[in-house]
1. Collect residues whose amide H, placed 1.01 Å from N in the peptide plane, falls under 5 Å from the amide H of residue 163; neighbours closer than 5 in sequence don't count.
2. Run the quick spin-label model on residue 101 and residue 12: label points 7 Å from Cα toward the beta carbon, then report their separation in nm to one decimal.
3. Let me know the charge dipole size of the chain about its Cα centre in debye, to the nearest 20, where only the beta-carbon of Lys, Arg (+1) and Asp, Glu (-1) is charged.
4. What residue among 31, 94, 150 shows peak mean-square fluctuation when the chain is described by a Gaussian network model with Cα springs under 10 Å?
5. Could you list which residues have their amide H under 5 Å from that of residue 60, counting only those 5 or more apart in sequence or on another chain, with H placed in the peptide plane?
6. How large is the translational diffusion coefficient of region 83-213 in µm² per second when you combine the Kirkwood radius over alpha carbon pairs with Stokes-Einstein at 20 °C and 1.002 mPa s?
7. Pop out the carbon and sulfur fraction of the accessible area of region 5-247 as a percent, whole number, probe 1.4 Å.
8. Would you compute, for the Cα atoms of the chain, the largest minus smallest coordinate along each principal axis and list the three values in descending order, in whole Å?
Amino acid sequence: MRKPFLAGNWKMNLDRKGSLALAKSLREKCGSRTDREVGVCPPFVYLDEVVRALAGSKLRVGAQNCSDEIEGAFTGEVSARMLKDVGVSFVIVGHSERRHLYGESDELANRKVRQALVAGLDVILCVGELLAERDQGITERVVARQLTQGLKGVDEPDLARITIAYEPVWAIGTGRTATPEQAGEVHNYLRGVLAGLYTDATAAEVRIQYGGSVKPDNIASLMAASNVDGALVGGASLKLDSFLSIVEYK
Ligand code: PEP
């Protein structure tokens, strides 16, 4: 049974006061829910305080990125071990903004996945096609490559610590959502790829989130789609009311 996992990616938004206020309000409103997993991903500099504000609740705190290196002379980088040290429980890897704005490759995403696992963090590994790739009919090829490369060297027991997020790039921050059918098609396909890489039984345990302009008014239909086990939410996770409505979808 896959428990729905709803995670808010705050990106480079909110200040210290706003981050703490949102975290504390979420704690009050949904901090003891156990029927679904809820997480927030604040900017690095607020992680420590948000972790402390949510300590003892059921809410999870994730980072938006991590280094592919363990430690050393890597100016500006933050290691998975440091994230673990301040109480972060998971990290987003391979977000489309990292891939397309900062040129991160599948290989780099894979190194980050492996560093995160070694450090004891869970991972949300993002995959998703550009609009041009969907138009060319190569969505499956693109997401299969991202998934296969991203999971290279990840053994079967560690797969339990990975969530996949299918995020069509054309739907991120654009207000244009994939239909539940479009999402379901790709999610079914991704689960098949996972089964090919591991086993049917292991693949069946992995949660696959949808991400891309998820809002209070489309979450229920997306969650009803085939193999959709949660959502990675950007813009709509920045306001208490909208994220709460998403978390409390019926
Ligand atoms: C995201 O940041 O992963 C995302 C899906 O953003 P938005 O919900 O704003 O489209």
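1. 123, 124, 125
2. 0.6 nm
3. Dipole size: approximately 720 debye.
4. The residue with the greatest mean-square fluctuation here is 31.
5. Those lying under 5 Å, H to H, from residue 60 are 38, 39, 40.
6. 144 µm²/s
7. 51 percent
8. 45, 45, 34
The values are calculated or read from the model by the stated rules, or taken from the named source; none is laboratory data. Note that the structure is predicted; figures quoted are calculated from it, not measured. Cβ sites come from the backbone with ideal geometry, for glycine too, and all protein chains shown count toward neighbours. Accessible surface is based on the protein model in full, side chains and every heavy atom, while ligands, DNA and RNA are left aside. Shrake-Rupley method; radii C 1.70, N 1.55, O 1.52, S 1.80 Å.
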